[in-house]
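**Q** Before I ask anything, here is the structure I am working with.
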Amino acid sequence: MTIPGLRSDQDKVGGIVFFGRMLDKIRLRAAGRLPPGYFTGTTDRTHFDARCTCFLRIDYKALVDRVLQGGSDEEILEWCFQHGYRPSEDEIEIWNGFMTKRGWRDSGSEELRQAKEECGFADRDDIQTWFDLHAAEEKDTAT
């Protein structure tokens, strides 16, 4: 389903993929507009919010508090850099490569295969990564 205000995993803030989507999920959840089933937080270290906050070395709860204070995505990212870690250009390139390919020929492949089946996309060879699955779910179920 299409969720107004939730951007693609691929969209970048400060050159970093997924960060903006995480901020959107925080805002939407606080407004009561994030549908059930969207993973938020850091309960499972393999979920993307947990990976992103680990990458930036920032506490998720502190990030939620900061997001709800307001400000632009860039201001919030700068806050993360000041209170956590500012990755180098090389580290951002590695992060982006890891995230955009997650589920494709790696330890997340089996879980992705199972998720595709559960979503009715088992026959979709074009869905090879988690980012692909998110895009398909949000596009294909909008009708």
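**Q** What is the number of the single condition among (1) at pLDDT 95 or above; (2) under 14 Å from the mean Cα position of the chain (by Cα); (3) at negative phi that Cys80 does not meet?
**A** The single condition Cys80 does not satisfy is (2).
**Q** Also: Among what's in region 93-105 and is touching a helix residue (DSSP H, G or I) at 6+ places or on another chain (Cβ under 9 Å) and not aromatic (Phe, Trp, Tyr), pick the residue that is farthest from Arg21 (Cα to Cα). Give the derivation first.
**A** Residues of region 93-105 touching a helix residue (DSSP H, G or I) at 6+ places or on another chain (Cβ under 9 Å): 95, 98-104.
Imposing the further condition that a residue be not aromatic (Phe, Trp, Tyr) reduces the set to 99-103.
Numbers: Met99: 13, Thr100: 13, Lys101: 17, Arg102: 16, Gly103: 18 Å.
Only one residue tops the list, namely Gly103.
**Q** Can we say Gln128 is of a type outside the set (Ser, Thr, Tyr) and under 25 Å from Pro36 (Cβ atoms)?
**A** Numbers: of a type outside the set (Ser, Thr, Tyr): yes; under 25 Å from Pro36 (Cβ atoms): no.
When the stated conditions are applied, Gln128 does not pass them.
**Q** So, one more: Go through region 9-42 and count every residue that is of a type in the set (S, T, N, Q) and open to solvent by less than 50 Å² (accessible area, probe 1.4 Å). Walk me through how you get there before you give the answer.
**A** Taking region 9-42 first, the residues of a type in the set (S, T, N, Q) are 10, 40, 42.
After this cut, where a residue has to be open to solvent by less than 50 Å² (accessible area, probe 1.4 Å) as well, the list is 40.
Going through region 9-42 one residue at a time, the tally reaches 1.
The values are calculated or read from the model by the stated rules, or taken from the named source; none is laboratory data. Remember, predicted model here, so these are calculated numbers, not experimental data. Methodologically, a virtual Cβ is constructed for each residue, glycine included, from the backbone with ideal geometry; neighbour enumeration extends over all protein chains shown. Ligands, DNA and RNA are stripped out before the accessible areas are found, and what is left, the full protein with its side chains, is counted by its heavy atoms. Shrake-Rupley method; radii C 1.70, N 1.55, O 1.52, S 1.80 Å.
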